[in-house]
Amino acid sequence: MDYNPADHPRASTIFLSKSQNDEVPCRNVQDKRKSLFINNRKYSSCSTIFLDDNTVSQPNLKYTIKCVAVAIYYHIKNRDTEGAMLLDIFDEKLHPLSKTEVPPDYDQIDTEQKQIYRFVRTLFSAAQLTAECAIVTLIYLERLLTYAEIDITPGNWKRIILGAILLASKVWDDQAVWNVDYCQILKDITVEDMNELERHFLELLQFNINVPSSVYAKYYFDLRSLSETNNLSFPLELLSRDKALKLEAISRLCDDRYKDVRKAAKKRSSSTDNLCGIKWVPAILS
């Protein structure tokens, strides 16, 4: 039985599968050294520990948006060119986001990764949305593609992303952005168009806007995997004494919470077949 990746934590994400379809060109030694220099990779040692500020509960906004843009780029690049259904509500020629004339081959020119990133970054920056909202946006986007059986193409990607961001910001963020606020960001779009886009998006999702924590975590870690294969390294920072003390305090708090659970687990009797020993080793930060 095939599970929907946007609903089930065990199903592989669509964007990661599409990204693996591309053959990575073999680079020479000079290109590899240049890539390492650009990414400025750092490695931990016994005396020095580097950590990034990107966690599943608090993702880094800038790099999360970059990863989401790359994921959408692979969706467009490796789309199904035959038999894919197109919906008028997402057609940028029928519902343009600006007064600029749409070229005749608007649905044939492949979209660049930078274009997607700039579009998403502009909306997130103006609406002051969070990195978690970007991950939920990607979940809603893939849920739409599977539920409605459509593909994201050069002629509809902006309106699909806009609809996903609009819905994710209302569901995820405590202070949701109103539809009229997006009209201030995209000057040439009307409130009526935004309302219609939101209504169609919800109907195509069958009003399933629930995002389980397991699905959210799967998308987060798959985005991290995508960043590694596309040389999008997260910024690393040296573990300072203050950060070490904070980590120690957090670990002590979690240890206190599960102390009673561990005591109860020790009291339970178990057969030798199911016996498993758990060792708790304290971390030492100096």
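The values are calculated or read from the model by the stated rules, or taken from the named source; none is laboratory data. Please read these numbers as outputs of a predicted model, since none were measured by experiment. Heads up, the Cβs are rebuilt from the backbone with ideal geometry, glycines too, and the neighbour counts pull from every protein chain shown. Just the protein is used for accessible areas: all its heavy atoms, side chains included, with ligands, DNA and RNA removed. Shrake-Rupley method; radii C 1.70, N 1.55, O 1.52, S 1.80 Å.
See the values below:
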{"quantity": "Selection within segment 187-205 - in a helix (DSSP H, G or I), of a type in the set (Asp, Glu) and surrounded by fewer than 16 Cβ atoms within 10 Å (Cβ to Cβ)", "calculated": "GLU192, GLU196, GLU203"}
{"quantity": "Scope segment 162-178; condition free of Cβ contacts under 8 Å to residues at least 40 places away in the same chain and either outside any helix (DSSP H, G or I) or touching a Gly at 6+ places or on another chain (Cβ under 6 Å) (or both); matching residues", "calculated": "ASP174, GLN175, ALA176, TRP178"}
{"quantity": "Condition check for HIS95: surrounded by 12 or more Cβ atoms within 10 Å (Cβ to Cβ), assigned to a helix (DSSP H, G or I) and at pLDDT 65 or above", "calculated": "no"}
{"quantity": "Condition met for THR122 (surrounded by fewer than 20 Cβ atoms within 10 Å (Cβ to Cβ), part of a helix (DSSP H, G or I) and β-branched (Val, Ile, Thr))", "calculated": "yes"}
{"quantity": "Matching entry among ASP181, ASP193 (being in contact with a helix residue (DSSP H, G or I) (Cβ under 8 Å, 6 or more places away or on another chain) and over 18 Å from ILE72 (Cβ atoms))", "calculated": "ASP181"}
{"quantity": "Filtered residues of segment 212-232 (kept if open to solvent by 20 Å² or more (accessible area, probe 1.4 Å), more than 14 Å from ALA11 (Cβ to Cβ) and either in contact with a Leu (Cβ under 8 Å, 6 or more places away or on another chain) or assigned to a loop (DSSP other than H, G, I, E, B) (or both))", "calculated": "SER225, ASN230, ASN231, LEU232"}
{"quantity": "Residue pairs meeting the criteria (Cβ under 9 Å; at least 6 apart or on separate chains; first in a helix (DSSP H, G or I) and at pLDDT 70 or above, in segment 235-251; second small (Gly, Ala, Ser) and open to solvent by 50 Å² or more (accessible area, probe 1.4 Å))", "calculated": "ALA244/SER286; LEU247/ALA283; GLU248/ALA283; SER251/ALA283"}
{"quantity": "Checking ASN208 against (1) crowded, with 22+ Cβ neighbours inside 10 Å; (2) under 18 Å from ALA6 (Cβ atoms), the condition it does not meet", "calculated": "(1)"}
{"quantity": "Test: residue in segment 164-186 that is over 25 Å from LYS218 (Cβ atoms), open to solvent by 20 Å² or more (accessible area, probe 1.4 Å) and touching a Phe, Trp or Tyr at 6+ places or on another chain (Cβ under 9 Å)", "calculated": "no"}
{"quantity": "Extreme residue, surrounded by the fewest Cβ atoms within 10 Å (Cβ to Cβ), among residues of segment 131-152 that are outside any helix (DSSP H, G or I) and in contact with a His (Cβ under 9 Å, 6 or more places away or on another chain)", "calculated": "ASP151"}
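Results for (1) farther than 18 Å from LEU204 by Cα; (2) touching a Phe, Trp or Tyr at 6+ places or on another chain (Cβ under 8 Å); (3) of a type in the set (A, V, I, L, M), shown as yes or no for each residue.
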site	(1), (2), (3)
LYS77	yes, no, no
LEU94	yes, no, yes
VAL102	yes, no, yes
ASP110	yes, no, no
LEU129	yes, no, yes
VAL136	no, yes, yes
ILE161	no, yes, yes
